[in-house]
Amino acid sequence: MAQLRFVLLGLNALSWQRKPSIFRYANADPMEVLRFMLFNRLTNSYLISDHRFLRWNKRLQTMAAEMGFTPSIFIPYLVVFMIPLVLFAVSPIPKHFGVLEFLSLVPFGLLVMALMNKDFFNGQSVVHRRFGYCVVDIKTNQPAGPLKCMLRNVTNPLWPIEAIFVLVNPRRRLGDFIAGTMLVDVTPSDPELILDEIRSAKFDKQTVLTLLCSIFWVVIFMISFDPRMRFW
């Protein structure tokens, strides 16, 4: 119990959330916990950031907000999960992954999955809702499905290249050409409305396929950065 209390205290402090305290959510509705993770003082600081140096290009403003908002959701939890790794670290660095190393990758893997699936619900990420954008299928002009939205975000690590694409064509970056999607203007909406869509989401075949593909890309991404994960 002492260790759990320590972790909760760390999450509460790192989330910049003085009131309400994270202990309030200990027995709360899971959606309230999710609301706390998505819309706290730290995440909102990126969501409402002005990005004055990018005022001349709304699309680049959106990209900058995306790069700050989604990682900010996981920063407190990445730090907390790194605590036991630092406390029990050994030298030299082991050649193979141990339990602590594996556990430290959990929030990082979830972060990568979140970045790839940020447009999962109705083709709109939290940031897109605030700026008034929606990812649509290039053929049907309807909100793109979860799988297409995931595919368009596989190229996110190549953000310098994506920024060049956006400067040339604000509607379609490299990921859009791969997935067959484009970005269109819609009426800005309350970002917190995404919680209602999450609550009513159905776990169908496309969702399963999207999650499996996401896991595959997360593994590939991690292997490319850490040779200890390579099995050959």
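The values are calculated or read from the model by the stated rules, or taken from the named source; none is laboratory data. Computed from a predicted structure; not experimentally measured. Don't worry about glycine lacking a Cβ; one is built from the backbone with ideal geometry, like all the others, and counts go over all protein chains shown. These area figures cover heavy atoms from the full protein model, side chains too; ligands, DNA and RNA do not enter into them. Shrake-Rupley method; radii C 1.70, N 1.55, O 1.52, S 1.80 Å.
Some values worked out for this structure:
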{"quantity": "Checking residue 8 against (1) modelled with pLDDT of 55 or more; (2) open to solvent by less than 50 Å² (accessible area, probe 1.4 Å); (3) part of a helix (DSSP H, G or I); (4) not aromatic (Phe, Trp, Tyr), the condition it does not meet", "calculated": "(1)"}
{"quantity": "Number of the condition not met by residue 123 [criteria: (1) within 16 Å of the chain's Cα centre (by Cα); (2) under 23 Å from residue 221 (Cα atoms); (3) small (Gly, Ala, Ser)]", "calculated": "(2)"}
{"quantity": "Number of the condition not met by residue 89 [criteria: (1) open to solvent by 80 Å² or more (accessible area, probe 1.4 Å); (2) of a type in the set (A, V, I, L, M, F, W, C); (3) modelled with pLDDT under 85]", "calculated": "(1)"}
{"quantity": "Conditions (1) under 18 Å from the mean Cα position of the chain (by Cα); (2) closer than 17 Å to residue 120 by Cα; number of the one not met by residue 204", "calculated": "(1)"}
{"quantity": "Residue within segment 75-82 that is at pLDDT 75 or above, surrounded by fewer than 18 Cβ atoms within 10 Å (Cβ to Cβ) and among the aliphatic types (A, V, I, L, M) present", "calculated": "yes"}
{"quantity": "Residue 183 vs. criteria in contact with a Lys or Arg (Cβ under 7 Å, 6 or more places away or on another chain) and open to solvent by less than 80 Å² (accessible area, probe 1.4 Å)", "calculated": "yes"}
{"quantity": "Residue selected from segment 29-50 under the condition open to solvent by 30 Å² or more (accessible area, probe 1.4 Å) and of a type in the set (S, T, N, Q), by the criterion farthest from residue 110 (Cα to Cα)", "calculated": "49"}
{"quantity": "Residues of segment 173-201 classified as aliphatic (A, V, I, L, M), outside any loop (DSSP other than H, G, I, E, B) and more than 18 Å from the chain's Cα centre (by Cα), total", "calculated": "6"}
{"quantity": "Exclusive hit being at pLDDT 90 or above, β-branched (Val, Ile, Thr), at negative phi and in a helix (DSSP H, G or I), set 208, 218", "calculated": "208"}
{"quantity": "Test: residue in segment 204-217 that is open to solvent by less than 50 Å² (accessible area, probe 1.4 Å) and within 18 Å of residue 66 (Cβ to Cβ)", "calculated": "yes"}
{"quantity": "Residue tally, condition open to solvent by 80 Å² or more (accessible area, probe 1.4 Å) and part of a helix (DSSP H, G or I), over segment 162-172", "calculated": "3"}
{"quantity": "Residue match in segment 142-160 (condition: in a helix (DSSP H, G or I), open to solvent by less than 40 Å² (accessible area, probe 1.4 Å) and in contact with a Cys (Cβ under 8 Å, 6 or more places away or on another chain))", "calculated": "yes"}
{"quantity": "Yes/no for residue 53 being in a helix (DSSP H, G or I), loosely packed, with under 12 Cβ neighbours inside 10 Å and modelled with pLDDT of 65 or more", "calculated": "yes"}
